[in-house]
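A quick write-up on the structure given underneath.
The values are calculated or read from the model by the stated rules, or taken from the named source; none is laboratory data. None of the values given here were measured: they were computed from a predicted structure. Cβ coordinates were reconstructed from backbone atoms using ideal geometry, including for glycine residues, and neighbour counts include every protein chain displayed. These accessible areas exclude ligands, DNA and RNA; they are computed on the full protein's heavy atoms, side chains included. Shrake-Rupley method; radii C 1.70, N 1.55, O 1.52, S 1.80 Å.
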Amino acid sequence: MEVARHWRTRHQRYGLVGEVCESCGNKIFPPRDICPDCEAPAKTPYTFSGLGEVYSYSTVYHAPEGYEDTIPYTVALVKLEEGPLVTAQLADIEPQQVSIGMPVEMTTRKVRQEGDLGVIVYGYKFRPRVHVPEV
Ligand SMILES: [Zn+2]
């Protein structure tokens, strides 16, 4: 029972959830409760497809504490299919393979390990898009 519920809400918890403006249909991420286009209240949750393309990127060679084992890594500005730009780390790719306009998709990954307690923080990253049918 617990497992089933965990599985079902999985997508919701790790998906890219923003908002949609009911006045003009603008898709908003991150959520800010106000439409940046028409300034109408926007509080309707909207789950993004997680698909987008690399808009710009930069490679990080000197990592802050907690990120040392992942350098070098590439942080990209990803333009989502729905419009908004999201900043996220890229996964499954060497920094020299990244290019502007590359199709990417969201994936949930371990982002970093926190302090002595070893708490693992999960978050979203983007990886080169692979066309695998959803199960
Ligand atoms: Zn609007």
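Just need a number here: residues in the range 48-69 that are touching a residue at least 24 places away in the same chain (Cβ under 8 Å) and closer than 22 Å to residue 102 by Cα. Going through the range 48-69 one residue at a time, the tally reaches 11.
Yes or no: residue 74 under 15 Å from the mean Cα position of the chain (by Cα) and among the hydroxyl-bearing types (Ser, Thr, Tyr)? So residue 74 passes the test. Each residue in the range 29-51 was checked for being near the ligand (Cβ under 8 Å from one of its atoms) and open to solvent by less than 50 Å² (accessible area, probe 1.4 Å), and 3 of them qualify.
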